[in-house]
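Enquirer: The structure under discussion is supplied below as structure tokens; questions concerning it will follow.
The values are calculated or read from the model by the stated rules, or taken from the named source; none is laboratory data. Note that the structure is predicted; figures quoted are calculated from it, not measured. All Cβ positions, glycine included, derive from the backbone under ideal geometry; neighbour counts span all protein chains shown.
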Amino acid sequence: MEQFPATIFGPGDLGRQSAGTVAVAHEGLLVEMPGLGTLTMDYGGLDLSRGGFDDLAIVVAGRDQGGQDLSLHLTDEGFLQALICLGPVELRPALARLRREGERTRRSWWTWGLALAACVVGGFLCLNLMAGAVAGLVPVAAEVSLGQAVADGLGEKGKVLASGPAVAAVTGVWQAVSRGLPASPYVFRVRVVESPQVNALAAPGGQIVVFTGLVDRLESPEELAGILAHEAAHCLKRHGLRQIVKALGISAVMAILVGDPGGLGRMARDLGSRMFLLSYSREDEREADRLAVEILRRASIDPSRFPEFFRRLDREEKLPEVLSIISTHPSHGERDRELRALMRPEDASLPRLPVPWPTRKSRPGP
């Protein structure tokens, strides 16, 4: 005889709840309760309905053989089939009604679930669209202030260096890259942070942070030039600002709508140390790569050296740390193919950058 798990209220005091089992027999429902043994509920006095928080539980109300009130809550729909097979014919209309109600309720839950999923997806798409619109409302001065706050948060990842081989290399390469930048309202600032993280990040308003762990993994000024041009492209296209608006959500929208960009800055400062968690869309990354190649070419820097770093990492098949510039991008191979498609034969004839490149021994270690 099949036993169906049930939550049992009673007997007598319906405020008392316990777990038990119910079996369907010809003489009635056999209710097994810890400490009370087997109670029998006669079919003649049963009231069947749906209930529970989701209105899907099968609720059986009646009395045991001693005349005490008893209420059973079951979730196994097989209980209804057992009642149809073994219970009295008089119960079948009520059982058919319960089945219809259950099917109708389940359809309703599915409909609500799909509607909720649609709302979530729609909200995400709207947020993407809204992020671009809100970003467009941010004045350049506020964007620069916002970017400085984010960069300050990133600077907490390590010591901001003022001198040394890595700083000299980054400064020299950036001076060359900056000659290829298009006109923009930004005054770019590149910071070098002493950290083993193999990373470089762009904050809004022309703020770029380079970690010494990245410099240590590069083998030429041209590789660094490509990465700096890529990060500058994110700034020029305001990708970082859009991502921050998306991350801060409605708080950012309200800060803009009430004319409080400073409030947005305070939120972004807190977000700065978590900037690694933000990822650009694949299209943002492709757009930044395309613009980076244009910047390098205008600066008379060979762009074909840019993807060599990624090819090398792909061959090594490992990363010492999470590399944001890679991990949020298309795959190494895909990115390499897309970059190579942008190259021209004459690019390789461009002169090498006359920037002294630090040896590993001269670079600050972790």
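Table: residues versus (1) under 25 Å from R106 (Cα atoms); (2) among the basic types (K, R).
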residue	(1), (2)
G12	no, no
R16	no, yes
L29	no, no
M33	no, no
L39	no, no
D47	yes, no
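Enquirer: Can you say whether L14 is among the hydrophobic types (A, V, I, L, M, F, W, C) and in a loop (DSSP other than H, G, I, E, B), as far as the supplied structure shows?
Expert: Yes.
Enquirer: Only one of (1) modelled with pLDDT of 90 or more; (2) farther than 26 Å from R107 by Cβ is not met by V59, so which one is it?
Expert: (2)
Enquirer: Kindly check whether there is at least one residue in the range 337-348 that is within 36 Å of the chain's Cα centre (by Cα), among the charged types (D, E, K, R), at pLDDT below 60 and closer than 26 Å to C235 by Cα.
Expert: no
Enquirer: Across the range 34-53, what is the number of residues that are at pLDDT below 90 and either over 52 Å from the mean Cα position of the chain (by Cα) or more than 20 Å from L80 (Cβ to Cβ) (or both)?
Expert: Here the count works out to 6.
Enquirer: Find the strands (runs of 3 or more DSSP E) located wholly in the range 24-105 whose residues include 2 or more that are without any contact (Cβ under 8 Å) to a residue 40 or more places away in the chain, and list them.
Expert: The qualifying strands (runs of 3 or more DSSP E) are 28-33, 37-41, 47-51, 57-63.
Enquirer: For the range 171-247, give me every one of the strands (runs of 3 or more DSSP E) that falls completely inside it and has 1 or more residues that are within 25 Å of S145 (Cα to Cα) and touching a Lys or Arg at 6+ places or on another chain (Cβ under 7 Å).
Expert: Answer list for the range 171-247: 189-194, 207-211.
Enquirer: Which residues, counting only those in the range 164-187, are surrounded by fewer than 13 Cβ atoms within 10 Å (Cβ to Cβ) and either in contact with a strand residue (DSSP E or B) (Cβ under 9 Å, 6 or more places away or on another chain) or under 19 Å from R305 (Cβ atoms) (or both)?
Expert: Answer for the range 164-187, where residues must be surrounded by fewer than 13 Cβ atoms within 10 Å (Cβ to Cβ) and either in contact with a strand residue (DSSP E or B) (Cβ under 9 Å, 6 or more places away or on another chain) or under 19 Å from R305 (Cβ atoms) (or both): just R179.
Enquirer: Next question, about the same structure. Inside the range 57-68, can you point out the residues that are surrounded by 16 or more Cβ atoms within 10 Å (Cβ to Cβ) and of a type outside the set (V, I, T)?
Expert: A57, A61, G62, R63, D64 - these are the residues of the range 57-68 that are surrounded by 16 or more Cβ atoms within 10 Å (Cβ to Cβ) and of a type outside the set (V, I, T).
Enquirer: Can you tell me which of (1) closer than 21 Å to M41 by Cα; (2) surrounded by fewer than 14 Cβ atoms within 10 Å (Cβ to Cβ); (3) at pLDDT 90 or above is the one H73 doesn't meet?
Expert: Going through (1) closer than 21 Å to M41 by Cα; (2) surrounded by fewer than 14 Cβ atoms within 10 Å (Cβ to Cβ); (3) at pLDDT 90 or above one by one, H73 breaks only (2).
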